[in-house]
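Quick notes on the structure that follows.
The values are calculated or read from the model by the stated rules, or taken from the named source; none is laboratory data. In this text, all values refer to a predicted model and were calculated from it rather than measured experimentally. Glycine also receives a Cβ, built like all others from the backbone with ideal geometry; neighbour counts cover every protein chain displayed. SASA here: full protein model, heavy atoms, side chains in, ligands and nucleic acids out. Shrake-Rupley method; radii C 1.70, N 1.55, O 1.52, S 1.80 Å.
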Amino acid sequence: MENCIFCQIIKGDIPSAKVYEDDEVMAFLDITQTTTGHTLLIPKKHVRNVLDMTDDIAKEVFARLPKVARAVQKATDACGMNIINNNETIAGQTVFHAHIHLVPRFSDEDGIAITYTTHEPDFQALTQLASHIAKEVV
Ligand code: 5GP
Ligand code: ZN
């Protein structure tokens, strides 16, 4: 797609530090390097984000995720990794070509904090919500 920065990276019109490529996907270093080795895995077919992915594109991307993640982990000697995906502006998406962030982790103090609110669960509400979501799975 024209004007898509990641489509331009796939075409080679914009340079990138590539770590993996095949017919369906490409992985390259994120320019921000949140931690050393921060990598983006993207489908070659332009799709806005996971919410718009077909099963086929999802298979292409997610089937490659473990091997790219293992390579990043081995090469950087990371202790662990956050695998993050942002969908739409409210969730922090800034580039609207689907991508998975692989962020290697080296210490508690490398500046990344993912926190979840903890409170007493309302199991009845959870059951109702789960059933509501389940009906939308097609
Ligand atoms: P998002 O915020 O959409 O989840 O992530 C977009 C990511 O793309 C950001 O982490 C940003 O640093 C990265 N990015 C934006 N432009 C470029 C670019 O031209 N080259 C590379 N390698 N990464 C980019
Ligand atoms: Zn694109």
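Details
- Members of region 34-47 that are open to solvent by 60 Å² or more (accessible area, probe 1.4 Å) and either without any contact (Cβ under 8 Å) to a residue 24 or more places away in the chain or within 11 Å of ligand 1 (Cβ to nearest atom) (or both): Thr34, Lys45
- Members of region 86-138 that are open to solvent by 50 Å² or more (accessible area, probe 1.4 Å), within 20 Å of Ala58 (Cα to Cα) and in contact (Cβ under 8 Å) with a residue 12 or more places away in the chain: Glu88, Phe96
- Contacts under 6 angstrom Cβ, first residue in region 1-20 being under 20 Å from Thr94 (Cα atoms) and within 11 Å of ligand 1 (Cβ to nearest atom), partner open to solvent by 50 Å² or more (accessible area, probe 1.4 Å) and not in a loop (DSSP other than H, G, I, E, B), 6 or more apart: Ile14/Gln8; Ala17/Leu29
- Residues that are more than 8 Å from ligand 1 (Cβ to nearest atom) and either hydrophobic (A, V, I, L, M, F, W, C) or out of contact with any strand residue (DSSP E or B) (no Cβ under 9 Å at 6 or more places or on another chain) (or both), drawn from region 21-32: Asp22, Asp23, Val25, Met26, Ala27
- When the criteria are applied in full, Ile84 meets the requirement of being at pLDDT 95 or above and within 14 Å of ligand 1 (Cβ to nearest atom).
- Condition broken by Ala69, with the remaining ones in (1) under 24 Å from Asn3 (Cα atoms); (2) open to solvent by less than 80 Å² (accessible area, probe 1.4 Å); (3) not hydroxyl-bearing (Ser, Thr, Tyr) satisfied: (1)
- Filtered residues of region 79-130 (kept if among the polar types (S, T, N, Q) and either under 19 Å from the mean Cα position of the chain (by Cα) or within 24 Å of Ile5 (Cβ to Cβ) (or both)): Asn82, Asn85, Asn86, Asn87, Thr89, Gln93, Thr94, Thr115
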